[in-house]
Amino acid sequence: MKLVVERPWLYTVSLNGTVIQPENGETWLDPDFYQFDIEKQLRQGNNTVSLVADPFSVNCETEPVYILGNFGLEPAEHGWEIVAPKNLTFGSWKGQGMPFYGQSVKYSKILNTNKKGRFRIELPSWSGTVASVNINGKEVGIIQTKSSYLTTELTQGENIIDIFVTGSLKNTLGPHHVLYPHGVGGRPANFIKAPEKQPGGASYSLLDYGLMQDFRVSAIE
C-alpha cells in the first residue's frame, strides 16, 4: 500500500498522528507525485491522513492524494471503502472493484494450431482508448476503432495471444462530480465544481473500461 502526495515538501504529512516521509526517488505519474510506503502503518478500520501546510503556500493543492495497492473498492455512503481485491473477469473494471483504474489489463489465451496460417482476432465488445494485440510476446498490431479486429499470422503449434486493453486517466484524475457523455468535459473549470459533502461512490462520474466479452480467434481460409 502506497500513499501518493503531490509536492509533499510543502506539508508535514502524517498517518494516524505519526509523521511520515516519502520514499527516496519513488514517484507516480508525475515527478512531483511522491510515494510513501504506508503498508505497515495502516490499521483495520478508519485511518487518517493529514497534510499540514505551515506556512501556507499558493502552491498547495490538497486534492491530489491517492492510495495505491492491491485492493478493491466498494461504493460507500460517502466515497469508497477499501476491500479485498477480486479476481478480474470480463466486464467493466469499475464494477469489479477498480473504478479509478485507467491503465492496462491483459487478457490471455493459448491456441494450438496444426499448421501456420492467417487468423482473425476480434474483440466483440470492449471499451478503452486502445487495445494492443501480442502474439508470443511480440506486438503485432492495435485495435482502436471499429471494426474491432485485425488479421495476423500464427505459427504451427502453441501460440500465446495477449490482448492489452488500456483505459484512460479520466477515471483516475477526474473530474468525478461533473457528468458529461463519453468522458467529455475534462476542462479545468470542471475540477472546481464539487458537491458540498462527499457523495456516495455510486454517484461518481466514471467510464466503463474493459473487455466485456471474450475475444475470438478464427482461421482465414
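The lone criterion from (1) assigned to a strand (DSSP E or B); (2) surrounded by 17 or more Cβ atoms within 10 Å (Cβ to Cβ); (3) of a type in the set (A, V, I, L, M) left unmet by MET98 is number (1). For region 122-139, a residue qualifies if it is of a type in the set (A, V, I, L, M, F, W, C) and either touching a His at 6+ places or on another chain (Cβ under 6 Å) or without any contact (Cβ under 8 Å) to a residue 24 or more places away in the chain (or both), but none of them does. Answer yes if at least one residue in region 48-62 is closer than 18 Å to GLY201 by Cβ, out of contact with any helix residue (DSSP H, G or I) (no Cβ under 6 Å at 6 or more places or on another chain) and not aliphatic (A, V, I, L, M), and no otherwise. Looking for residues that are closer than 18 Å to GLY201 by Cβ, out of contact with any helix residue (DSSP H, G or I) (no Cβ under 6 Å at 6 or more places or on another chain) and not aliphatic (A, V, I, L, M), one finds none in region 48-62, hence no.
Of the residues making up region 201-221, just one is in a strand (DSSP E or B) and within 15 Å of PHE100 (Cβ to Cβ), namely GLY210.
Residue pairs whose Cβ atoms lie under 9 Å apart, separated by 6 or more positions or on different chains, with the first residue in region 70-98 and more than 22 Å from GLN198 (Cα to Cα) and touching a residue at least 60 places away in the same chain (Cβ under 8 Å) and the second assigned to a strand (DSSP E or B) and among the polar types (S, T, N, Q), are SER92/SER127. If the condition is being within 25 Å of LEU173 (Cβ to Cβ) and surrounded by 13 or more Cβ atoms within 10 Å (Cβ to Cβ), then region 33-49 contributes PHE33, TYR34, GLN35, PHE36, ASP37, ILE38, LEU42, ASN47, VAL49. Picking from residues in region 50-84 that are among the polar types (S, T, N, Q) and out of contact with any Lys or Arg (no Cβ under 7 Å at 6 or more places or on another chain), the one that is surrounded by the fewest Cβ atoms within 10 Å (Cβ to Cβ) is ASN70. Among the numbered conditions (1) in contact (Cβ under 8 Å) with a residue 60 or more places away in the chain; (2) under 30 Å from LEU150 (Cβ atoms); (3) not in a strand (DSSP E or B); (4) not small (Gly, Ala, Ser), the only one that PHE119 does not meet is (3).
Using the structure shown, decide if TRP9 is outside the structural domain of GLY200 (by TED's automatic domain parsing), aromatic (Phe, Trp, Tyr) and either closer than 21 Å to PRO99 by Cβ or in contact with a Ser or Thr (Cβ under 7 Å, 6 or more places away or on another chain) (or both). It is false that TRP9 is outside the structural domain of GLY200 (by TED's automatic domain parsing), aromatic (Phe, Trp, Tyr) and either closer than 21 Å to PRO99 by Cβ or in contact with a Ser or Thr (Cβ under 7 Å, 6 or more places away or on another chain) (or both).
The values are calculated or read from the model by the stated rules, or taken from the named source; none is laboratory data. Since we're looking at a predicted model, the values are computed, not measured. Every residue, glycine among them, receives a Cβ derived from its backbone with ideal geometry; neighbour counts consider all protein chains shown.
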